[in-house]
Amino acid sequence: MKKTDIAMIILIAGVSVLVAFFVANQIPFLKLDTTGVKAPTTVLIESDITEPSTEVFNADSINPTVQTVIGGGSTSSN
């Protein structure tokens, strides 16, 4: 290719991009809404901590992390 061919391709591509830009700006559904949208806000998190219920969290409650053996202490390996 000659230098003039490359320059012509670049010129045509540049003009095509400009034309496409101006045509796309005229399409109504591609335009942004100027009124905007109201976004929901979060609730303020308080720094005070309430004590847990003593009915659920007490010294006599069952610890689920302790292994429980049902039916005696012997285990069989199969």
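Against the conditions (1) surrounded by 10 or more Cβ atoms within 10 Å (Cβ to Cβ); (2) assigned to a loop (DSSP other than H, G, I, E, B); (3) not acidic (D, E), G36 satisfies every one except (1). Can you find a residue in segment 48-64 that is modelled with pLDDT under 90, within 30 Å of the chain's Cα centre (by Cα) and not small (G, A, S)? Yes: one or more hits. For segment 14-25, the criterion of being free of Cβ contacts under 8 Å to residues at least 60 places away in the same chain and touching a helix residue (DSSP H, G or I) at 6+ places or on another chain (Cβ under 8 Å) is met by at least one residue. Out of all the residues in segment 24-32, is one or more surrounded by 10 or more Cβ atoms within 10 Å (Cβ to Cβ) and part of a loop (DSSP other than H, G, I, E, B)? Yes, because at least one residue in segment 24-32 is surrounded by 10 or more Cβ atoms within 10 Å (Cβ to Cβ) and part of a loop (DSSP other than H, G, I, E, B).
The values are calculated or read from the model by the stated rules, or taken from the named source; none is laboratory data. Source: prediction; values computed, not measured. Counting neighbours? That spans all protein chains shown, and the Cβs are built from the backbone with ideal geometry, glycine included.
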